[in-house]
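These notes concern the structure reproduced below.
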Amino acid sequence: MKMKKIVMLAAVAATLASCGGGGGRPTFGDNEFPVTTAGTSSADMQSTYPAAIKGVQDVEIRPKAQGFLTQINVKEGQNVSAGQVLFVIDNETYQAQVRQAQAAVNAAQQQCNTAKLTYDNSKKLHEKRVIGDYELQTSQNSYESAQAQLAQAQAALASAKEALSYCYVKSPAAGVVGTLPFKKGALVSASNILTTVSNISSMEAYFSVTEKDAMAISQAGLASLPAVKLQLADGTIYPLDGTVSKMSGVIDAATGSVQLIASFQNPEKVLKSGATGTIIIPRVSSNVVIIPQSCVSEVQNKKFVYTLGEGNKVKYTEIKVDPQNDGNNYVILEGLKAGDKYITNGITKLNDGMEIVPITPERYQQKIQEQAKEMSAGDIVGAMKK
């Protein structure tokens, strides 16, 4: 029975302690509330921003030639080098065009050779006055025409060979192969993205800040920003710090934000292009007023504290806080300054203009403990039922 009573007393003490938070306070039989004085200190804060992660170079691979895929030489996630053949498109038609163009070049070359011989002979005959100027000019024109036809045939051959080369889709850069949406035998054209090759040796995290923050960063310079961290989608922190390296010079008219880019080295290939995360920018705030969140009430997205004024009357005071916080405390921006007194517990029992008896937080906790000890067994049972 004695042990049961001890357990019940412990439960009551815990109940009273919880009542000492922002949601209420124990009843002491008087009008005593704990009051403390706001002071200043330094706070390690951080700003967080949603981010999209991309490789420093994400290249969409599109075919220039239209046709059926006959070979797929890579797999998803494979590392490839610049110039490596990734896909082969059916090239029978293009090879036939090359052969036809080559034949035209051969014919034009023969015609050009014949025209040159005729022109050379004509020049000799002209020197001996066997033929006149007209015949010489005619043979010269024929030779020049044959040269032009040869050049035209050679250009057609070069074009046909280039078209044939398009059937061999090569990687323009070194990187990692992305998804492969098309299978062997699929009909593809320039409108299709066969895959993406991403250079992920280092990664870029794209995030946006407000126009106001962007102006402050511009004035201080990107070099003034500290090293940033990257929180991954699973909640873990990427082990390597990054640096904010770029800022857009254009403000998004729809959101009023400015895009920044943070660069991260990716030697272990942990980061993947297309992933998401959160950029964390640490910052230190000096000489700021910090109060527990349990002292603050919120109404219609506005925050309030009860401050102590003349005659020990409380005042319902609106405050503005830093939107970034640690989940336990607020950094005050407006409404409460160092030296102001505010109520720390039992704020739900207060009304604006109410007169109280201020006590220290230490005395408040002491009275909680004293009241717990004085409670009778009947009071314990009643408190537990509540």
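The values are calculated or read from the model by the stated rules, or taken from the named source; none is laboratory data. Note that this is a predicted model, so its numbers are computed, not measured. Glycine gets a Cβ as well: all are built from the backbone with ideal geometry, and neighbour counts include every protein chain shown. In case anyone asks, the SASA skips ligands and DNA or RNA and just uses the protein heavy atoms, side chains included. Shrake-Rupley method; radii C 1.70, N 1.55, O 1.52, S 1.80 Å.
Relative to the longest principal axis of the Cα atoms of the chain, helix 133-165 runs at roughly 30 degrees. Given +1 at the Cβ of Lys and Arg, -1 at the Cβ of Asp and Glu and no other charges, the dipole of the chain around its Cα centre is 820 debye to the nearest 20. Helical content of the chain, expressed as a calculated mean residue ellipticity at 222 nm, amounts to -10500 deg cm²/dmol (DSSP H runs of 4 or more residues, -39,500 (n - 2.57) each, divided by residue number, nearest 500). For the chain, take the longest principal axis of its alpha carbons; what is the angle in degrees between that and the long axis of helix 211-220, to the nearest 10 within 0 to 90? With both axes taken from Cα atoms, the answer is about 80 degrees.
Across all directions, the shadow cast by the convex hull of the range 253-365 built on its C-alpha atoms averages 12.2 square nanometres. The peptide list 268-279, 250-261, put in order of mean Cβ contacts within 10 Å with the highest first, becomes 268-279, 250-261. Between 0 and 90 degrees, the angle of helix 92-127 with respect to the longest Cα principal axis of the chain falls at about 40 degrees. Bridges between two residues of the chain, per DSSP, are antiparallel at a rate of about 95%. In a DSSP loop and with at most 16 other Cβ atoms within 10 Å, the GluC sites (Glu not before Pro) in the range 66-162 are Glu76. Using the structure shown, list the pairs from Lys349/Lys373; Lys246/Lys272; Lys184/Lys269; Lys313/Lys337; Lys183/Lys272; Lys212/Lys341 with a Cα-Cα distance above 27 Å, or answer none. Check vs 27 Å cut-off fails for Lys184/Lys269; Lys212/Lys341. Computed on the chain, the Cα convex hull volume stands at 268 Å³ per residue.
Protein heavy-atom surface of the chain, 1.4 angstrom probe: 52% of the accessible area is carbon and sulfur, with nucleic acids and ligands not counted. Please state, to two decimals, what the Cα-based radius of gyration of the range 155-271 comes to when divided by 2.2 N^0.38 Å (N = residues). Relative to the rule-of-thumb radius for its length, the range 155-271 sits at 1.54.
Remark: the range 60-143 carries 66 Å² of accessible area per residue (probe radius 1.4 Å; ligands, DNA and RNA excluded).
Within the range 46-155, the trypsin sites (Lys or Arg not before Pro) that combine a DSSP coil assignment with at most 13 other C-beta atoms in a 10 angstrom radius are Lys64, Lys75, Lys128, Arg129.
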